[in-house]
Each structure stands twice: as structure tokens, then as C-alpha cells.
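A.B. asks: I am attaching a structure below and will ask some questions about it afterwards.
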Amino acid sequence: MLTKKETAPPDPSAKAAARPAPERAWQRMLSGRRLDLLDPSPLDIEIEDIAHGLARVARWNGQTVGAHIYSVAQHCLLVEAMARARVPRLDRARRLVVLLHDAPEYVIGDMISPFKAVIGDAYKAVEQRLLAAIHLRFGLPPKPPADLIRLTKAADQAAAYLEATRLAGFAAAEARRFFGPAPVFSAPIERDYLTAWPAETAQARYLERFAQLFDK
């Protein structure tokens, strides 16, 4: 029996039980991989997970015409086609960088530009860490060279203009204000990429194009 001057030693298990559980900062993928968003490892990245996720993430918050969402996977294929049209001799590794430019969205989703502006640098930091890990997983430099970043941005803006005016209800003048002038593009690009595909088609075509570009 304890006297008044004596006290029982603290119970470590009780202290641990009172401590709140840590926040989960990882996502389990269908491949079985567990990807840490704060410290992503290239070893936890699989192209099948990327293709599956991007084919089911909607561009424009789903506010597009058609029976299916216009997916980020389809958008990435359009951007890669637009970049190839601008620079026909672009090598396979650089085309792969363009194809993967929105790959982090298989984890973090496609946030529209106005919302990105609201939350600022925190989103960008997570996105850049994921993209660097994805590049390393597939044998690419963590950060692309400046000229390739500029080309990807130009092709992305051109694709956004086409999606905005063909699918998302933007008038041409409004699209020009946000995405720049109307791009020059071929009839096959409009035919092949500007009608939304079912998720299974977007996933399969993304994987097919990746296989054509990835130098194992």
C-alpha cells in the first residue's frame, strides 16, 4: 500500500493509449503497393496503378459533355500527341515525360486551377515529390530540362483549349483568355482524342502508349 508521500510510477501503456493515432499519409493501390504521399518511393510506383487511377479521374471536375467522363489518362494522351505534332522528332524518353506529366493525379486527383491557386504551395510540393518519384521509377531525370517543361506546358495549354471549347462549354473568347490562342491541330487529333472514352478504353490506351515509349 502506498503512503501519502509515495506515488505510483506512470503507466507507459496508458500514456500510449491516450496519444492520438497518427494521420495516415499513404494510399494502398490495387497492385498491393502502399504509396507514401509525403515521402514517395519509386519502388512503390507501378504503371498499372497509374493507368487505372488516371482513367477514372475526371478532367474539369466532370463538367464535360458525353456519356463518359473525360479522364486525365485521355488528356495525357492528347497532350503527348500535341507535343509530338509540335516537335515531330521528339525522342521516346521526352515523349514519355510528356505522357507522365499529370501522373501524380492518380493519387491526388485533378484539382482545377482555381482551387490550386487557393491552396498554393502545399499542393505543388506534394505533386512535385510524386512526379520526381514517378520519373525515377521509369528511368527519367527527377526534373525535366527547361525546354521540355516549356513544350509540355504549351501542349498542355493547347489541349486545355480544345477540351474547354469542345467538351467543357467554354466560348472561344473565354478559352483564349485562360489558355491562349486556338492551337493548330490535325483532324485525326480531333477525331481520336476529343470524344470521351470509357474508363477501360482510356486505361488500355494509356498502357499501350506507355509500352511504346518506355525503354526497358
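The values are calculated or read from the model by the stated rules, or taken from the named source; none is laboratory data. All values reported here derive from a predicted model rather than from experimental measurement. Neighbour counts are summed over all protein chains in view; Cβ atoms, including those assigned to glycine, are modelled from backbone coordinates with ideal geometry. Please note that ligands, DNA and RNA were not included when accessible areas were found on the heavy atoms of the full protein model with its side chains. Shrake-Rupley method; radii C 1.70, N 1.55, O 1.52, S 1.80 Å.
A.B. asks: Mind sorting out which of (1) 1.16; (2) 0.96; (3) 1.01 is the real Rg/Rh (Cα atoms, Kirkwood Rh) computed from the coordinates?
C.D. replies: Correct label, based on the coordinates given: (1).
A.B. asks: Any idea what diffusion coefficient the range 135-198 gets from Stokes-Einstein, in µm²/s, Kirkwood Rh on alpha carbon pairs, 25 °C, 0.890 mPa s? Could you put the intermediate results ahead of the total?
C.D. replies: Numbers: Rh = 13.5 Å.
It diffuses with D of about 182 µm²/s by this estimate.
A.B. asks: Oh, and also: Scan around S71 for amide H atoms under 5 Å from its own, H built in the peptide plane at 1.01 Å from N, and keep only partners 5 or more places away or cross-chain.
C.D. replies: Hits under the 5 Å cutoff: R59, W197.
A.B. asks: For the range 91-216, what percent of Cα pairs sit more than 24 Å apart?
C.D. replies: Working: 2744 of 7875 pairs.
Value for the range 91-216 (Cα pairs over 24 Å): 35 percent.
A.B. asks: Using the per-residue mean of other Cβ atoms lying within 10 Å as a proxy for protection, in what order, highest first, do the peptides 132-144, 31-43 fall?
C.D. replies: Numbers: 132-144: 17.2, 31-43: 14.0.
Most protected by this proxy first, the peptides run 132-144, 31-43.
A.B. asks: Please list the non-local residues whose amide H lies under 5 Å from the amide H of W26, H modeled 1.01 Å from N, same-chain partners needing a gap of 5 or more.
C.D. replies: The list, which skips near neighbours in sequence, is L37.
A.B. asks: Might you tell me the accessible area per residue for the chain, computed with a 1.4 Å probe and given in Å²?
C.D. replies: That works out to 58 Å² for each residue.
A.B. asks: Taking the alpha-carbon centroid of each part, what is the distance from the range 92-161 to the range 162-203 in angstrom?
C.D. replies: Going from one Cα centre to the other spans 19 Å.
A.B. asks: If you don't mind, there's one more thing I want to ask. With the convex hull built on the Cα atoms of the range 169-216, state its orientation-averaged projected area in nm².
C.D. replies: On the way: hull surface 20.8 nm².
Here the figure is 5.2 nm², rounded to one decimal.
A.B. asks: Give the peptides 70-77, 53-60 in descending order of average Cβ contacts within 10 Å, highest first.
C.D. replies: 70-77, 53-60
A.B. asks: Within the P(r) computed for the range 53-150, what percentage of the Cα pairs occupies the region above 19 Å? List each step's numbers first, then the result.
C.D. replies: On the way: 2246 of 4753 pairs.
Result: 47 percent of Cα pairs exceed 19 Å.
A.B. asks: Another question, if that's okay. So what is the diffusion coefficient of the range 38-109 in µm² per second by Stokes-Einstein at 20 °C and 1.002 mPa s, using a Kirkwood Rh over Cα pairs?
C.D. replies: Values: Rh = 13.2 Å.
Translational D for this selection: 162 µm²/s.
A.B. asks: Over the chain, what is the relative contact order in whole percent, taking alpha-carbon pairs under 8 Å and six or more residues apart? Don't jump to the answer; show the numbers that get you there.
C.D. replies: Values: 242 pairs, mean separation 59.1, N = 216.
For the chain, the relative contact order is 27 percent.
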